[in-house]
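As structure tokens, the structure follows; a few thoughts come after it.
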Amino acid sequence: MQLPLLTEELPEKWNLPSYLTVIVQLASIGPLLYSILHKCTNLTIPTAPVIQVLLIICTATNFVLAFTCKTTGIIFGQEHSIALIAVMFFMALVNSTSNVLFLPYMATFQPGYLTAYFVGMGLSALVPSLFSLIQGTSRYECRLDNSTGTHYAYYFQPRFGVKEYNLILFGWMCLTVLAFAFLHWGRHLLDKRATKRASIDILPPDESSPLNNPHIEAEDRRDSLSRYYILLACLAIICAQMNGIVPSIQSFATLPYSQLTYHLALTLSNIAQPVACFLPLWIQPRKLPILLVLTSVSCIFCGIIVLLAAQSPTPLLHLSFWGGFISVAAAVGASSVQAYLRTVFTAVIREDSPHNDSRLFWCGVFMQIGSFLGSLIMFPLVNIVGLFHQAPSPCSHL
């Protein structure tokens, strides 16, 4: 959410999002090591204490980030945002490991809690977005540099800076630590309520369900391996777009229109995510053809963003209001569909085989694999091949 401000101040400029995206995905070493220990050894890992410690680490790194995010240094002869990159790595180490820790842990609760988990992931984007809206984007005006005779963009200060913003999020993360402590060590209170509800909500088995009908073809059964593998592949594709491709090039697809466009694309996308995560409570398709069509819709939105970024610095209708509108609409559409499908795919995989906790573990693994591959593809295209080009100063035409 602070990238509209940081891309103007830090040495990487518009390439900063792609650097941070690949750093975030390099943190996949965390879930990789956990997966090896979990699946290939007899070592018993106490999940809840590990989650609690990781949340504390993530909270501490948010505090450190507030004071160090603008510290730079020289790496291989070039100036880089070393503090931001280092802190982001450790923060991402926690977040990426959560994919293979949290989902299996959620299997110990009722299925409804899984949707609540993804709604919470959406709210984790909504709350920072609301603070970002209060903060305000960096407005600018064109001023004349008398020494050179050229115009430059003078950016007005937001209501509060990056430091204050991160301190607010530090307080928000402290609530996370307390919330999980109550969820786990106070879960007997939740279990009592769940038991009372279950005593009046038990329903007879649905004889028409594919799991109870022996006459349904194997490939149409919801517990079939082919269906499971397809769902995992779609989940990986969605996460590749959501966490790898779009974040790497969002700046190139929006900043040519204006910094306000970039700010709105990030903010409105994050506001749309929790709303999209709520939808599966009422609308949750289970048929594979429908899920494949929705995945294709997500690919179309992502393709529009890639196209606009590839056309930078003069993307479609870049001097028109409608160009910025299309850019923001594509960002919001992609974010909404991807957040919705991430929730749906995970919920459907669990419902297909409700007693197989391992499937939720592999959901987390494939979410991380997809995110990593998306970043791995985009980083060389942005920083080595130079497929995407930064626009000149918004006042350079004067």
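The values are calculated or read from the model by the stated rules, or taken from the named source; none is laboratory data. Not measured: the values here are computed from a predicted model. Note that each Cβ is placed from the backbone with ideal geometry, even for glycine, and that neighbours are counted across all protein chains shown.
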>> It is to be established whether one or more residues within the stretch 165-187 are surrounded by 10 or more Cβ atoms within 10 Å (Cβ to Cβ), under 24 Å from GLY120 (Cα atoms) and at pLDDT below 80.
In response: yes
> Since LEU341 meets every condition but one in (1) closer than 11 Å to ILE238 by Cα; (2) over 15 Å from the mean Cα position of the chain (by Cα), which condition does it not meet?
Replying inline: (2)
> So, of the residues in the stretch 37-70 that are over 25 Å from the mean Cα position of the chain (by Cα) and hydroxyl-bearing (Ser, Thr, Tyr), which turns out to be nearest to ALA179 (Cα to Cα)?
Replying inline: THR44
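Just one of THR71, THR61 is without any contact (Cβ under 8 Å) to a residue 40 or more places away in the chain and buried (at least 17 other Cβ atoms within 10 Å of the Cβ); which is it?
Selected residue: THR61, the only one of THR71, THR61 that is without any contact (Cβ under 8 Å) to a residue 40 or more places away in the chain and buried (at least 17 other Cβ atoms within 10 Å of the Cβ).
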